[in-house]
1. If you check PHE95 against the conditions, is it of a type in the set (A, V, I, L, M, F, W, C), open to solvent by 40 Å² or more (accessible area, probe 1.4 Å) and modelled with pLDDT of 90 or more?
2. Report, by residue number, each residue of the stretch 63-87 that is modelled with pLDDT of 85 or more and surrounded by fewer than 19 Cβ atoms within 10 Å (Cβ to Cβ).
Amino acid sequence: MEFLILFFVFILGASFGSFGSVLIRRLRGGLSWDNFSSIIFGRSECPQCRNKLDALQLFPFLGWIFQRGKCKYCKNSIPIFYLFLEFFAGLIFVFSFLLAGFFVGGFDLVNTQFWGYFVFLAMINWILLLMIFEDLLFYHINVFLWLFVVLWAVLWQFFGFVGDYFMAFWGGIIFFLVFYGVYWFGRFYVKYRFGLDGVEGFGEGDVMVAFLVGILSFMVLNEFSVLGMIEFAFYYLIVSCLFGLIFYLGRGVFLSFKQGQSIPFLPAMIVAFWVMVLLGYDFLFFI
């Protein structure tokens, strides 16, 4: 029974992953009325020949497998990132389902608090996953996805489902200030070390994400003092850099890098976020 529930949660997440690929592609053109209406009312289409996709083609995994990774109409290859996005979105929903049980102390399927946490976490993790894929593919942080997550977190606090306003507000501010300081340090370092003026050693988009991480972290870790928040923010910075280094070395094994090429840092920030949230106070004893 538990496996069947997790399977349906996985398929639900994979469906959101399929829709997420539409968001990534159409939001890259900005949030104009045409793009917004195409997201809400438009049908999915092949990005190359623009033919509309039928129901079987839209079904997670099976559509890509039955078509052997090619468009039914133009026969051009369908990028495999669509398949990866569906797969990881399914895992993200299962992860959120398990986290909801962890936060409420059990998997009571008739408990409204459990489903509240699941919906909250699933949407948060789904958007974060889309942001990760966009950063990996285009070295870009989508402002509209970022704003959606911030508003989603604020609204859930407003209605009292999760979190603490005071902790989340100060968490966001503290994380923003810490990473904003790192951003300017990176600019000065690049300027005086390499003589490059106006070049970022640390992206502005990463500072935006740090603000978001601060809000989300202290919505669940609401026992920290202000000094504890500052300490937690610096630990988070160190752990993010460690995961970023691992990611950089891992990509270096399989891919060649050109000098000056940007390295996506968002995946490391998101992994560090969940590692530290799940370990909480205990994390401080590991390091």
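The values are calculated or read from the model by the stated rules, or taken from the named source; none is laboratory data. Fair warning: this is a prediction, and the values are worked out from it, not measured in the lab. Methodologically, a virtual Cβ is constructed for each residue, glycine included, from the backbone with ideal geometry; neighbour enumeration extends over all protein chains shown. Each accessible area value is taken on the protein alone, full model and side chains, heavy atoms only, with ligands, DNA and RNA left out. Shrake-Rupley method; radii C 1.70, N 1.55, O 1.52, S 1.80 Å.
1. On the way: of a type in the set (A, V, I, L, M, F, W, C): yes; open to solvent by 40 Å² or more (accessible area, probe 1.4 Å): yes; modelled with pLDDT of 90 or more: yes.
For PHE95, the condition - of a type in the set (A, V, I, L, M, F, W, C), open to solvent by 40 Å² or more (accessible area, probe 1.4 Å) and modelled with pLDDT of 90 or more - is met.
2. Kept after step one, since they are modelled with pLDDT of 85 or more, are these residues of the stretch 63-87: 84-87.
Passing the criteria: PHE84, PHE87.
To keep it simple, each residue is scored yes or no on (1) modelled with pLDDT of 75 or more; (2) open to solvent by 40 Å² or more (accessible area, probe 1.4 Å).
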| residue | (1), (2) |
| --- | --- |
| PHE159 | no, yes |
| TYR165 | no, yes |
| GLY186 | yes, no |
| ARG193 | no, yes |
| GLY198 | no, yes |
| PHE202 | no, no |
